[in-house]
Amino acid sequence: MLHELLFVLLGYPGDVFVPYPTNETSTFAIPFNFPLLHPTERECLNRLGQLGWTYLQINQFINSVKDLKLSTKDTNKPHGAYIQALVTCIEITLNDYRSDILDMEKRILNKQDEAGGDIIPLTLITANLSRWELLLPALWKFIQLLQRNPVKYHGCRLFELLMDQARTGILEFRTVIEKMMAQLHNVLYRQLTAWMVYGQWVDPDNEFFIVPYSSEGRPSTATAWNRLYVIDYDKIPSHLSHSLVESILFVGKAIATVNEMDKLPMSISRHDDDSLLPFEMKRPHQHLQQLHKIMIPLDMKKKHLQLLLSLHSSSLLASSLSSSSLSSSSSTPPKELKSISSPWIRYPQQLQTIVNQVRKSTADWLFTQVLIGDHGLHRYLDSFRHVFLLNYGDLASNFIDECTLWRRRSLQRSDGATKNLNNPSKTAVLFRHQELNALLGKASIGTDAEDQLKGFKLLLQDEQTKQYPFSDLLLIDLRMVLTFDLGWPIDLFLSKSDLKNYSHLWSFLISLKNTQMSLNNLYKLLRYHQDDASSMKTENNEHYERIVWRTRSLMLFWVDTMWNHIQSQVIDAHYKQLISNTSTSNDSTTTKKKSWQPKAKLDFEEIQAAHEQFLQKTMRGCLLKSNDCVALMHDILKICSTFCDLMERISQDGQWRTNKRRKTTAKTAAEIVNQWTKSASVSWMEDVVSMQEKFNELTEKFFMLTSSQQPDIKASGQLDVLLMQLDFNKWFSQ
């Protein structure tokens, strides 16, 4: 009986323990007709038979994973490096179980556990296997969950399953889970070492959270930094932060790009300052240089390798401590294990520290290789200041004029209907994209921005422009926003979120500038028709005229104040501070050169932080961080544009001139009364009065909302100065 029991505990049924039930076996049990057994003994032996059956299922799962060949790999079954590491850990646990069975057999043969009369108490055997009666069923449930969802828990997603299963009251099972976490982290560390030290992406089973870039089934390309590799956010374990994964992507992508420099286009792979410009700089007698491959310093590579290998050693130490705790018969874990936190807390902290060091070292080295000299980072920032932030005023004015003419032509082609503008076909969208980008280049002719717009382009698709609230104010019927193609090497420094902030600022500033120009042009338009009218005015017409001019004056004062304040007190002030923080010269009066070099004490991340601070302060200073302020400013600019469109239409229809002109011939009393009656019923004047009231209401709300902003926002935008200027003659505060 005891030998049959030992066999079944190792998964081998016999005459005493048979599979039960015969159709769908779920345990090994003693047949019902087996004689000479007390019900209590039968129940105890069946429990041990169930333990043997559970061991057999776990062992079969291990063998099935190990026997899965690469050529015949079924993606619907657990496979890959991570599952192999997990299975290895489970197998080590089963080895401990086999050792316990072997020790039990030795004790039985040596008669060490006899209670007299060659009798070995069944309770003693059950007590020796008590911890396995808790551990093996828990492991089998874990494996069943893994088998039911092989795709959900594949690769790095296995971390999620382990962290979820670790919430258990079974100490032995939690210890095994922690050992699995250590083994899985070792696989992750090997992938990170290949990726961050050598720039090699090794992932034959699609388990890593960094994947090659591909779009619409097209193969990935190695000719652009932002098209090499990307992050698959669905594969990121929850205990690893997105910022950590982005740092891992940055380091590996940088090393991979440098390794492929000889395969990149000449304009990118040349070690020449002019290749880094966002625009073309033409020099006489300039010849193409030969390819210059950047070599990664061996000392830096060795240092990074040692840092990442230290993660392996710490993981192995924690795993060994967990193993000693599991193999120990005492329920009290070792003192060393007590001082170690949970692996899903400890490993990310260690990894974050190592990755930060590797990223800082890599970024500083790259900064000295690709973003250097007068033609480096400063030229990009200077270009963004001129184009995105409208420092090129003539470019902005010309582009607004071109867009106005384009919209008029579009309305004329569609007979004044806006249906086609709102619901264009794909061909129309493509044509408009090309046409409007051509207008941007046309607007730069004869300005300082001529031949300096390389990389800048306009976006028109709704899915790309809806996130920018002011994108609908320039063309009104069509959303439009300016962006920039982030390529090597500027995307080492700028992120997509930085570019979105620049686009948001441009859409706001170009809308503000467009409104300002429309109000200024309205003066010339109305004065031109006023000169055609008689110098004699009726009392009603003088009243209407005052309403129109007063409305325009109020709007123009608010727009001019906002524009001047934002350009001088916000953008220019913060941009000068950015240049000062990253300039080598501490005395700005000693040199008038526009070029600058980063300070020797400043590293890449400090300069990047200074730029990020510049963008954040500029956004806060323009009140673009407050959704309420954005909505109010949008409504104010919208009603100003509506007023300008109304008055332009009234002027073109001749109503403005008719209302100001008076017959010079004598009139009868009936004619005078009839004229006054018609003048009193001018419908568009009601719209003007309504717009003026609405404008006053919105600007008053804006003043109150701006006054209640947080101190840091007020400081970023010098809002106290803005409020004082807007409150001229105590217009709002009285």
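The values are calculated or read from the model by the stated rules, or taken from the named source; none is laboratory data. Everything numeric here is computed off the predicted structure, so don't read it as measured data. Cβ sites come from the backbone with ideal geometry, for glycine too, and all protein chains shown count toward neighbours. Heavy atoms of the whole protein, side chains included, go into the accessibility calculation; ligands, DNA and RNA do not. Shrake-Rupley method; radii C 1.70, N 1.55, O 1.52, S 1.80 Å.
Here are the numbers:
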quantity	calculated
Selected residue (criterion: most open to solvent (accessible area, probe 1.4 Å)) from residues of the stretch 382-408 that are of a type in the set (Phe, Trp, Tyr) and at pLDDT 90 or above	Tyr392
The lone exception for Ile476 - which of (1) under 24 Å from Leu623 (Cβ atoms); (2) at pLDDT 85 or above; (3) over 19 Å from the mean Cα position of the chain (by Cα) it fails	(2)
Complete set of residues in the stretch 104-116 that are among the acidic types (Asp, Glu), open to solvent by less than 30 Å² (accessible area, probe 1.4 Å) and in a helix (DSSP H, G or I)	none
Residues of the stretch 46-66 that turn out to be free of Cβ contacts under 8 Å to residues at least 24 places away in the same chain, within 25 Å of Pro31 (Cβ to Cβ) and of a type in the set (A, V, I, L, M, F, W, C), as a count	0
Test result for Arg546, open to solvent by 20 Å² or more (accessible area, probe 1.4 Å), touching a helix residue (DSSP H, G or I) at 6+ places or on another chain (Cβ under 6 Å) and either at negative phi or at pLDDT below 80 (or both)	no
Enumeration of residues in the stretch 673-690 that are surrounded by fewer than 19 Cβ atoms within 10 Å (Cβ to Cβ) and at pLDDT 55 or above	Asn674, Val682, Ser683, Trp684, Glu686, Asp687, Val689, Ser690
Scan of the stretch 157-193 for residues that are more than 30 Å from Lys253 (Cα to Cα) and in contact (Cβ under 8 Å) with a residue 12 or more places away in the chain, ordered by number	Gln165, Ala166, Thr168, Ile170, Leu171, Glu172, Phe173, Thr175, Val176, Ile177, Glu178, Lys179
Pair list, Cβ under 6 Å, 6 or more apart: the stretch 22-39 residue closer than 9 Å to Trp53 by Cα, other residue part of a loop (DSSP other than H, G, I, E, B) and open to solvent by 60 Å² or more (accessible area, probe 1.4 Å)	Phe28/Pro13
Restricting the stretch 233-266 to residues that are open to solvent by less than 40 Å² (accessible area, probe 1.4 Å) and not in a helix (DSSP H, G or I), the residue that is modelled with the lowest pLDDT	Leu264
Condition met for Ala428 (under 30 Å from Ser641 (Cα atoms), at pLDDT below 90 and open to solvent by less than 40 Å² (accessible area, probe 1.4 Å))	yes
Candidates Asp274, Asp299 - the one that is open to solvent by 80 Å² or more (accessible area, probe 1.4 Å), over 27 Å from Val230 (Cα atoms) and either at pLDDT 80 or above or in a helix (DSSP H, G or I) (or both)	Asp299
Selection within the stretch 67-87 - farther than 19 Å from Gly11 by Cα and either modelled with pLDDT of 95 or more or not in a loop (DSSP other than H, G, I, E, B) (or both)	Ala81, Tyr82, Ile83, Gln84, Ala85, Leu86
Only one of Lys500, Lys457 that is basic (Lys, Arg), farther than 23 Å from Glu435 by Cβ and either touching a residue at least 24 places away in the same chain (Cβ under 8 Å) or not in a loop (DSSP other than H, G, I, E, B) (or both)	Lys500
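Residue by residue, here is whether (1) modelled with pLDDT under 90; (2) surrounded by fewer than 16 Cβ atoms within 10 Å (Cβ to Cβ); (3) assigned to a strand (DSSP E or B); (4) in contact with a Lys or Arg (Cβ under 9 Å, 6 or more places away or on another chain) holds:
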{"site": "Asp451", "(1), (2), (3), (4)": "yes, yes, no, yes"}
{"site": "Glu463", "(1), (2), (3), (4)": "yes, yes, no, no"}
{"site": "Ser471", "(1), (2), (3), (4)": "no, no, no, yes"}
{"site": "Thr483", "(1), (2), (3), (4)": "no, no, yes, yes"}
{"site": "Trp488", "(1), (2), (3), (4)": "yes, no, no, no"}
{"site": "Asp491", "(1), (2), (3), (4)": "yes, no, no, no"}
